[in-house]
Structure formats: structure tokens, C-alpha cells
Amino acid sequence: MSNDVLIRAEGLSVGFQIGKGLFNKQILKAVDNVTVEIEKGSFFGLVGESGSGKTTLGRAFLKAVPITGGHARYEDGEVSYDLAEIAGPELKDYRKRAQLIFQDPYAALSPRMTVRDIIAEPLEVMGLTSSRAETDERVREIAAKCRLNLEHLRRFPHAFSGGQRQRISIARALVSDPKFVVADESVAALDVSIQADVLNLLKELQRDLGLTFMFISHDLSVVAHTCDHVAVMYLGRLVETAPTRTLFEGAKHPYTKALFSAIPSLDPDDRGTAQKLEGEIPSPTNQPSGCKFHTRCPYAVDRCKSEEPVLEHADAAGHEVACHRWRELMVPA
Amino acid sequence: MSSLIDVKNLTLKFKTDEGLITAVNNVSFSLKKGEVMGLVGESGSGKSVTAKALMHLNARNAVYTPESKITLHTEAGEVDVLSLTKPSEMQVVRGGAISMIFQEPMASFAPAITIGKQMVEQLQLHGNMSKAKAKEISVEMLDRVGISDAHKRFDQYAFELSGGMRQRAMIAMALSTKPKLLIADEPTTALDVTIQAQVIDLMKDLVNEFHMGIIFITHDLGVVAQTADKVSVMYLGELIEEGPVREVIRTPAHPYTQGLLSALPKLDDLDSPLTPVPGDIPSPLERPSGCVFHTRCSKIVGDACKTTLPQAYQLDESHSAACHIYPKGESA
Ligand SMILES: Nc1ncnc2c1ncn2[C@@H]1O[C@H](COP(=O)(O)OP(=O)(O)OP(=O)(O)O)[C@@H](O)[C@H]1O
Ligand SMILES: Nc1ncnc2c1ncn2[C@@H]1O[C@H](COP(=O)(O)OP(=O)(O)OP(=O)(O)O)[C@@H](O)[C@H]1O
Ligand code: SF4
Ligand code: SF4
Ligand SMILES: [Mg+2]
Ligand SMILES: [Mg+2]
């Protein structure tokens, strides 16, 4: 694999067993046959409706759910791991290289621990420092990078606002010096006015610390402004992926186009022009045949009901799309 | 258009262990029939408690000042909402003339009762009608909000529905009593853009069809631009700007509103840096003196900002902002 790819997944699947009893057991495919590359140092965005499998894909890369099919390789220049097989000391090492920033800054932080202890906990659990002084040193260093007031390290998290709490969560995720960070809806609970501040901080940390981010969000405007590359998921599948600008200027998949046109415009005179997507994402235990989007796609034809489209290159610069008709549908919007 | 509800000098405090918290300070606004008002502002700015005041629905530790007055205009005459005391009187506003879609998605439905049963009970409480009639209306409403198989859904529990469907069922229940005023507290925040667009369309149809007034509380200025006729912006319990949606979004007058708009990531300019409003909203226990926004404002115009609470300045007959940038006492 190419040198500048940090994580490469091939045909990656995650299935959950649901239902009890011998005859009720069912497999829910939350992530289904996903092939994707995440470049080193990139800000990789993952979008799609609720239930499309974004969190599950992120958790698969973090080894927080079992990978039930396909492969994923992690390679950062120091180590190279097969994420489907990894276990034992390698897994222990991987845990400090790959970290998660939680979604809800209110729920994620234990109210009985000081900010210092919250940030220090991963170091202590993973045994990464050998003395309290060393731990303190590391905590202060990362707290400063996350623009936290060092005076505040002795306080308890309830005294902080949403933006400050999210900075504490970020410091905690970064204290073990990870290479790969999954940020799952990390700004969703924040006010617009402070959301921009946290996004700027994440970008700054990405540049300064050479981090690779997987940024999961249902807010497309936020993704457009922060990510270099975006992948769109639908019912466990990747339907389109491209560099951010390419995607936002020339989406090819009917689902991506529908998502974009549903973004409410800030222009009060531009009302109701959006092309509306009807219905909801189907149940993952009762998935449509063929193209999984055909039940909602305005362009579906018979072929879409029987044959599943595969991701194919739409250009040489990393734009890929999975739709039988993307070429025909490229009429000016 | 005639007035539907008038809020005058609403001041609302909460008694807490740590002292008296001012949640809403001297807020006045009116809404006409068929008008949609967007209520925006940072978390904790007092949007939800203002909305709940309209139904006299705040927690027991709420204290209203004697000057606070909320008048609801109904066909049967004027109702002085804050003077209502008996539960039987309250029914006029709670689920009668006013319906609310709550911010907490599950709060509107009792978990152990089917959606249909709850809708029927509510209808029977507010109108004298047979069970069969109430069921007919409920199913029709579920159908109107785009829930397929409404007959089947009628017998389901809230937890059995997807998020988007639950939200629509909630709207159906709020609308089934044909309220004069619908208060929707963040009805689309937890929804995907696709479902959000459906809900927005639905609400617009309802205004046209039933001519109801809507107060739409949201963080999302895009949603406001798409739905509201006018916008009110709150910050730390103060109404800091009010005006027609076009003016407030295109030419915001208050530094906070300006900051809110420039903090938004915009799709038509991906290269522009994101500019946050600096700092954090102060705790309501440490309410700043003077202009409550002065701790974060980049446009401070002298000591007045720190000492004197700015009064609303009328930029034109319908657009006003409370900020010392504007000349005192000579409103247009
Ligand atoms: N532990 C689990 N057991 C069973 N099913 C699960 C589990 N985790 C997730 N799922 C299911 O897998 C599917 C994908 O869920 P996932 O949380 O990855 O979606 P998502 O795209 O992150 O959605 P959201 O935007 O709502 O966070 C859903 O149908 C979900 O119900
Ligand atoms: N019962 C109560 N007792 C004490 N304080 C309260 C009570 N209810 C609300 N408050 C306080 O009143 C203020 C306004 O709260 P409100 O819920 O109206 O904010 P909001 O603008 O709706 O915020 P959000 O966007 O987070 O929903 C907050 O500081 C809140 O903590
Ligand atoms: S393959 Fe067919 S149904 Fe699927 S997105 Fe393309 S046109 Fe629509
Ligand atoms: S009154 Fe002063 S501090 Fe307040 S918004 Fe206006 S300029 Fe800023
Ligand atoms: Mg998720
Ligand atoms: Mg609220």
C-alpha cells in the first residue's frame, strides 16, 4: 500500500447479532463491504443519515467492535497492524495510537474527577508514564495545546461550559499522543458560536501534531469547512467518496445530491427550492435488494432493484461513486 | 392580521440553592395569527423557559415579577395567562389554544401507552367528542404528517418508531387539538437534514392550512431563514434583537447576532476561516453588569457597555436592537 495511507479497509464488514432464541437470530449488517483509504495527516469526513453505520465504522477502526468480514490495515511508519486480527500486546499498543473524542461533552466527563484526573486517566490506565510528575507534565502540556486554562485543572467539570468541556474531552483523547483520532459528532452538542472555536482547535492540533482525523458528522456545512476528503454512507455502504471540494461542487450520487439539497439555505428568499428526498432510511434488518437506495431514489430503474452497484472511479483524483447511472445523470443541475 | 399573543415585560427568575437566577429579563414581543417567529440564541439564553411561560408551565421554583404580563387572544376573549391558577383554567392554554412540541423527544409520550391512546385522551380532554371521532381525527393527523400506515402506527409505542417518525408523531399530537399557537422547541435538531426538510415543509403547510401562529425555537439559522417571518434573538435572558427574517439575517444589527452569523460555516465559501464568538456565555449566577454581552463583545463603545443596560433601539418600525452603538433616545 502507498506510503501516505494510514488506514486502508478492504471489504470491511461489521455485523451485529440481534434477537434472542434459536429461530429469531438475525445478523444486522451495520457496515457492509466498505473499501476505503484514509490518508496520513488528513481530516477525513464521514456523513450519512442516522443509522447509516458511521459510528460503527469508526468503532471498527478503533477496535471497539469486532470486524466480522474483510480487512483493515493500519500503518503509521512505526508499526503496521492487521486490524481484523490484532490482539494481545499489539492491540494494547494500538489503543494508544487510536483514540476517540466523545460526542456529548456533558455526559462524557465524570463529575467526581478533577479536570487533571480526567485528562490523566488514559496515561495511568495504559501505564504510559512512570511518575506522577511525568503525568502532570504531560497533562499540562496537552491542556495548554487545547487552550485550557491551567488554573482550571484542579476544578470539577460541572463548572465548565459546553465548549470548555469539549476541549477537556479533546485533551483526554490526545494525551496518549495518538496518531489517529475518531471525532464522532464532536461539535453537534455545541452552540454555533463556540462550535467554530472547537473546529479551529481540532484543525490546529491536526497540523501541529500531525494527526489523522476521522470526523463523523451529520452537519454537512461543518464537514465542508473542516475535512479534506469526505465519504458518504447509506445503509452500511459507502456510496460516494471524494476530496471535499470535488464532492461539494460536483456530487454524482443521487443520495449525496439529495443530502446536499436538503441543507436549509441561509437565504430567506431561497425557500422551498430544494429537491426533497422522500421517506426514511430502510431498516437495516430488512434491506432492499440491488442498490440499497432504490426505494428512495428518483432515478431508479429496474436494474437498480436487482443489481448492486459497486464503487467505481469517477476521475483520477480520488472521486469514487457507486451508482449504475451516474454517467447519464451528469446533466447540469 | 390580529394579535394572537402579547408578552409584556416578562421577567422570570428561578429560586435555587445558589441564589435567585434571572432566566428572562424584561422581554416583550407579540405574535399575530398565521405568523411564524424564530427564537434563536445560545444554550441557556432563556428560549425554552420563555416558551414555557406562554403556557404557564415553568417549574415550581419560577418567580414572575408583577410587571410580567402575557395576554392570549382567543375567540372567547382575552386570557391573562400568568394569572391562571386552577388546573381547569390552565387547560385553555395547555394543549388547548397552545400546543408545544418539547425539546426532549421522549418527554411528549408516556412510554407505556400507545401513541394512539395518548392522542385520543388528549383530544377528549379538550373537546367533547366520542372515542371513535377522536380516533378518526388522530389517524388523519398521523397521516397528514406523512406517517405511512397511520392505522398501524396508532397502536404502536413511541420507542418503536424511528427518530424522524417519532418527531412527526409528536407534531401530529400537538396539532390534533387544532391549537391557535404552536410552540416548537428545537423540533428538528436531532433530525437528519433530509427528515428536517420534510418537517419544515410540513410546518409551512400547517400555517397555510390552519392559519396558526408558530414560535420556532432553534439554534439553526438556516432553519430560521427557511421558516420564519420574523426573528427574535436572545442572550442571557435578554431579547437583544428583533426584526423581519430578511433584515436580521442579511443586516444583523446587534454585535451578538453578527457574531452568530459569521460563526456559521457557509457552503458558498469553503475557504473563509471559521470565526467563533470569542469566550463563553457567562453563568447565569455571574450575570455581567451593563450590557450582558460585554464580556465577549468586540465592539464595546466605552464605559456605558459595562455599566448601563442598553435599551431597544428601533432601526425601523419592525427591526430593533439593544446596543449602545446606536444613539440613545432618538429611535427612528
Ligand atoms: N451494538 C449494536 N448491536 C446491534 N445493532 C447495532 C449496534 N450498534 C449499532 N447497531 C445498528 O447498526 C446500525 C448503524 O448504527 P450506527 O450507530 O453506526 O449509525 P450512525 O450512522 O452512527 O447513526 P447516527 O447518525 O444516528 O449516530 C443501526 O441500525 C444501529 O441500530
Ligand atoms: N427549574 C429551573 N430552576 C433553575 N434554573 C432553571 C430552571 N429552568 C431553567 N433554568 C435556567 O434558566 C436559564 C434558561 O434556560 P432555558 O432552558 O430557557 O435555555 P435555552 O435557551 O432553552 O437553552 P438550550 O438551547 O440549551 O435549550 C438557564 O440558565 C437554566 O439553567
Ligand atoms: S443505482 Fe439506481 S437506485 Fe441506486 S442511486 Fe443509482 S440510479 Fe439510484
Ligand atoms: S452594548 Fe456595548 S457590549 Fe453590548 S453589544 Fe453593544 S457594543 Fe457590545
Ligand atoms: Mg453515530
Ligand atoms: Mg431550550
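Bear in mind that the values in this text are calculations on the coordinates, not laboratory data. This one's a predicted model, so the numbers in the text were calculated from it and none came from an experiment. Quick reminder, even Gly has a Cβ in these numbers, built from the backbone with ideal geometry, and neighbours come from all protein chains shown.
Using 0.36 nm per residue of separation minus the Cα-Cα distance, give me the extension gain between residue B:88 and residue B:33 in nm, one decimal. Before the final figure, lay out the partial values.
On the way: separation 55, 0.36 × 55 = 19.80 nm, distance 2.49 nm.
Gain on stretching residue B:88 to residue B:33: 17.3 nm.
What nm distance separates the two modelled labels at residue A:299 and residue A:64, each placed 7 Å from Cα along Cα→Cβ?
Modelled inter-label distance: 3.5 nm.
For each cysteine in chain A, check whether another cysteine's C-beta sits under 4.7 Å from its C-beta; list those where none does.
Those would be A:146, A:227, A:297, A:323, since no other cysteine Cβ in chain A comes under 4.7 Å of theirs.
Rounded if a/c is under 1.5, else prolate if a/b is larger than b/c, else oblate: which is region B:108-178, with a ≥ b ≥ c the root eigenvalues of its Cα gyration tensor? Intermediate values should be presented prior to the final figure.
Numbers: a/c = 1.69, a/b = 1.45, b/c = 1.17.
Prolate, because a/c is 1.5 or more and a/b exceeds b/c.
By Kyte-Doolittle mean hydropathy of at least 0.0 and Cα axial length of at least 15 Å, which whole DSSP H helices of chain B are selected? Walk me through the intermediate numbers first.
On the way: long enough: B:115-126 (17 Å, -0.28); B:131-144 (19 Å, -0.68); B:163-176 (20 Å, 0.38); B:193-210 (25 Å, 0.56).
Helices meeting the span and hydropathy rule in chain B are B:163-176, B:193-210.
Quick check on the protein assembly as shown: of the DSSP beta bridges with both residues there, what percent are antiparallel, nearest 5%? Mind dumping the intermediate values first?
Working: 60 of 96 bridges.
Around 60 percent of the beta bridges assigned by DSSP in the protein assembly as shown are antiparallel ones.
Top mean-square fluctuation among B:82, B:57, B:20, Gaussian network model of chain B, C-alpha springs under 10 Å?
Evaluated over chain B, the most mobile residue of the options is B:20.
HN-Hα J couplings of region A:313-319 from phi, Karplus 6.51/-1.76/1.60, θ = phi - 60°, integer Hz, Gly and Pro as x?
Whole-Hz 3J(HN,Hα) from phi for region A:313-319: 6, 9, 8, 8, 9, x, 8.
If you average 1/r across every pair of different Cα atoms in chain A and take the reciprocal, what Kirkwood value do you get, in Å? Don't jump to the answer; show the numbers that get you there.
Values: mean 1/r = 0.0470 Å⁻¹.
Mean inverse Cα-Cα distance, inverted, gives 21.3 Å.
Whose amide H sits under 5 Å from the amide H of residue A:182, counting only residues 5 or more places off or on another chain, with H placed in the peptide plane?
Hits under the 5 Å cutoff: A:99, A:100, A:101, A:214.
For chain B, set up a GNM with springs between Cα atoms under 10 Å and report which of B:112, B:23, B:97 has the largest fluctuation.
In the Gaussian network model the winner is B:112.
From Cα pairs below 8 angstrom and at least 6 apart in sequence, can you work out the relative contact order of region B:108-178, rounded to a whole percent?
Working: 85 pairs, mean separation 29.6, N = 71.
So the answer I get is 42 percent.
Could you run the Karplus curve 6.51 cos²θ - 1.76 cosθ + 1.60 with θ = phi - 60° over region B:291-298 and give me ³J(HN,Hα) per residue in whole Hz, x for Gly and Pro?
6, 5, 8, 5, 5, 10, 7, 9
For region A:1-147, rounded, prolate or oblate, judged on the Cα gyration tensor with a ≥ b ≥ c (square roots of eigenvalues), a/c < 1.5 rounded, else prolate if a/b > b/c? If you can, show how the numbers build up before the last one.
Details: a/c = 1.93, a/b = 1.48, b/c = 1.31.
Prolate, since a/c reaches 1.5 and a/b exceeds b/c.
Using 0.36 nm per residue of separation minus the Cα-Cα distance, give me the extension gain between residue B:117 and residue B:136 in nm, one decimal.
Numbers: separation 19, 0.36 × 19 = 6.84 nm, distance 1.20 nm.
Roughly 5.6 nm would be gained on extension.
Which residue fluctuates most in the GNM of chain A (Cα springs below 10 Å): A:320, A:151, A:308?
Maximum among the listed residues: A:151.
Sum -39500 (n - 2.57) across every DSSP H segment of at least 4 residues in chain A, then divide by the residue count to get the 222 nm mean residue ellipticity, nearest 500.
On the way: 10 runs with 101 residues, N = 333.
Computed mean residue ellipticity for chain A: -9000 deg cm²/dmol.
Please turn the phi angles of region B:214-219 into ³J(HN,Hα) values with the Karplus equation 6.51 cos²θ - 1.76 cosθ + 1.60 (θ = phi - 60°), one per residue in order, whole Hz, x for glycine and proline.
10, 10, 10, 9, 7, 8
Any chance you could run the full-extension gain for residue A:315 through residue A:286? It's 0.36 nm times the residue separation minus the Cα-Cα distance, nm to one decimal.
Details: separation 29, 0.36 × 29 = 10.44 nm, distance 3.34 nm.
Contour length minus Cα-Cα distance gives 7.1 nm.
How big is D for the protein assembly as shown, in µm² s⁻¹ as a whole number, if Stokes-Einstein is applied with the Kirkwood radius of its Cα pairs at 4 °C and 1.567 mPa s? Spell out each step's value before the answer.
Details: Rh = 27.0 Å.
Answer from the Stokes-Einstein relation: 48 µm²/s.
Report, for chain A, the % of DSSP beta bridges that are antiparallel, rounded to 5.
Values: 28 of 45 bridges.
Here the antiparallel bridges make up roughly 60 percent for chain A.
Using alpha-carbon pairs under 8 Å, 6+ residues apart, how would you state the relative contact order of region B:215-315 in percent?
Values: 101 pairs, mean separation 18.8, N = 101.
This gives 19 percent for region B:215-315.
So which of B:69/B:204; B:32/B:306; A:20/B:117; B:204/B:306; B:15/B:306 end up more than 31 Å apart by C-alpha? Show your work: numbers first, answer last.
Values: B:69/B:204 29 Å; B:32/B:306 36 Å; A:20/B:117 29 Å; B:204/B:306 42 Å; B:15/B:306 26 Å.
In this structure, B:32/B:306; B:204/B:306 exceed 31 Å between Cα atoms.
How would A:117, A:191 line up from fewest to most surrounding beta-carbon atoms within 10 angstrom? Before the final figure, lay out each step's value.
Working: A:117 16, A:191 24.
Ranked by crowding around the Cβ, least crowded first: A:117, A:191.
For residue A:31, enumerate residues with amide H under 5 Å from its amide H, sequence gap 5+ or separate chain, H modeled in the peptide plane.
Distant-sequence amide H within range of residue A:31: A:14.
With runs of 4+ DSSP H residues as the only contributors, calculate the mean residue ellipticity of chain B at 222 nm using -39,500 (n - 2.57) per run, divided by the residue total and rounded to the nearest 500.
Working: 11 runs with 100 residues, N = 332.
So the calculated ellipticity at 222 nm is -8500 deg cm²/dmol.
Give the residues of region A:262-303 whose amide nitrogen is closer than 13 Å to a point set 7 Å from the Cα of residue A:328 in the direction of its Cβ.
A:298-303
Using the number of other C-beta atoms within 10 angstrom as an exposure proxy, rank B:185, A:208 with the fewest first. Spell out each step's value before the answer.
Details: B:185 20, A:208 9.
In increasing order of surrounding Cβ atoms, one gets A:208, B:185.
Quick one: divide the alpha-carbon radius of gyration of chain B by 2.2 N^0.38 Å and tell me what you get. Don't skip to the end; give the middle numbers.
Numbers: Rg = 20.6 Å, N = 332, 2.2 N^0.38 = 20.0 Å.
Compared with the compact-globule rule of thumb, chain B sits at 1.03.
Which lysines, on any chain, are close to residue A:292 with Cα under 17 Å apart, when same-chain ones fewer than 8 places away are left out?
A:29, A:54, A:252, A:257, A:305
What residues qualify as long-range amide H neighbours of residue A:230, i.e. H under 5 Å apart, gap of 5 or more or another chain, H built at 1.01 Å from N?
A:45, A:242, A:244
What spacing in nm lies between the two simple spin-label points modelled at residue A:156 and residue A:134, each 7 Å away from Cα in the Cβ direction?
Result for the modelled spin labels: 3.2 nm.
Measure nothing fancy, just the Cα-based angle from helix A:192-209's long axis to the longest principal axis of chain A, in degrees from 0 to 90, nearest 10.
70
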